Amino acid sequence: MTDIKAVVRVEHPDIVLTETVNHDRSAKVKSVSEAGTDPTSGKFFYRIESSDFSQFEDGLRSDNTVGEFERVIETRDEEAIYSFEYTDEAKILSSVISTANGVTLEMENEGQAWIFTIWVPERTNLTHLWNYAQQHDIDIDLLRVNEYDSLGTKDAGLTDSQREALLVALETGYFEEPRNATLSEVAADLDISQPAASGLLRRGTKRLVVSSLVDDSDVSD
């Protein structure tokens, strides 16, 4: 099995909330990942940035993909969390991703287009999403894909703990520039102390470098 994390760009007027962000061009919509993306729950939560929530909500009222909506809480100036219920006219890609045994990690708009970050157990599972897009005239582009199990299938000499720590750090954005996660957050996800997480990442990274660039016999842990 090859764990896949893919970043996909999609565009269609009936993808949920597209008409709303077209009405309020200042709006930035991002899924609330900690609230879950279960398509059977009936409610979907998003973090909304807007310079004018009245205009944003006017867009919601005229959006054929949105049924009920609620401004749950305002987290700061020009930012709030909303819950939405969708209509039958809405094209909901998260349900397609779930059918493909995948998980929607993140969804956010790029103008009237949408950027999905998804996880699927194998690359072939992405076929479900492409087939759905073709059947519904959805423009779709694969922006980026990472095959995670390359850390485990190559004989890098990683321990299970080192591999898990590296994968968690990669998933949470610890290696991004600027970082999207701190060492303490990685440690919390691993349920270990911060020094222990630092050691696993340091030794794991060293093993990857050794296995890729130098003769393993020339370097000691």
- line: Okay, helices (runs of 4 or more DSSP H) sitting entirely in region 132-195 with 1 or more residues that are modelled with pLDDT under 80 and aliphatic (A, V, I, L, M), I get 150-153
- line: Selection from region 189-206 of residues open to solvent by 70 Å² or more (accessible area, probe 1.4 Å) and on the phi < 0 side of the Ramachandran plot yields Asp189, Gln194, Pro195, Arg202, Arg203, Lys206
task: Could you please find all residues in region 45-79 being of a type outside the set (Asp, Glu), within 11 Å of Ala27 (Cα to Cα), open to solvent by less than 50 Å² (accessible area, probe 1.4 Å) and part of a strand (DSSP E or B)?
output: Ile48
task: Working only within region 160-186, note down all residues that are acidic (Asp, Glu) and touching a Lys or Arg at 6+ places or on another chain (Cβ under 9 Å).
output: Glu171
task: Could you figure out which of (1) within 13 Å of Val16 (Cβ to Cβ); (2) free of Cβ contacts under 8 Å to residues at least 12 places away in the same chain; (3) surrounded by 12 or more Cβ atoms within 10 Å (Cβ to Cβ) isn't true of Asn131?
output: (1)
- prompt: Identify, please: which residue in region 80-104 is without any contact (Cβ under 8 Å) to a residue 60 or more places away in the chain and open to solvent by 50 Å² or more (accessible area, probe 1.4 Å) and is, among those, farthest from the chain's Cα centre (by Cα)?
  reply: Asp88
- line: Of the residues in region 108-128, those that are open to solvent by 10 Å² or more (accessible area, probe 1.4 Å) and aliphatic (A, V, I, L, M) number 2
- prompt: Is there a residue in region 32-49 that is at pLDDT 95 or above and under 27 Å from Leu129 (Cα atoms)?
  reply: yes
message: Among the residues of region 81-129, what is the count of those that are touching a helix residue (DSSP H, G or I) at 6+ places or on another chain (Cβ under 8 Å), assigned to a helix (DSSP H, G or I) and farther than 18 Å from Asp139 by Cα?
response: 1
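The values are calculated or read from the model by the stated rules, or taken from the named source; none is laboratory data. None of these values were measured; they are calculated from a predicted model. Cβ atoms come from the backbone with ideal geometry, glycine included; neighbour counts cover every protein chain shown. SASA here: full protein model, heavy atoms, side chains in, ligands and nucleic acids out. Shrake-Rupley method; radii C 1.70, N 1.55, O 1.52, S 1.80 Å.
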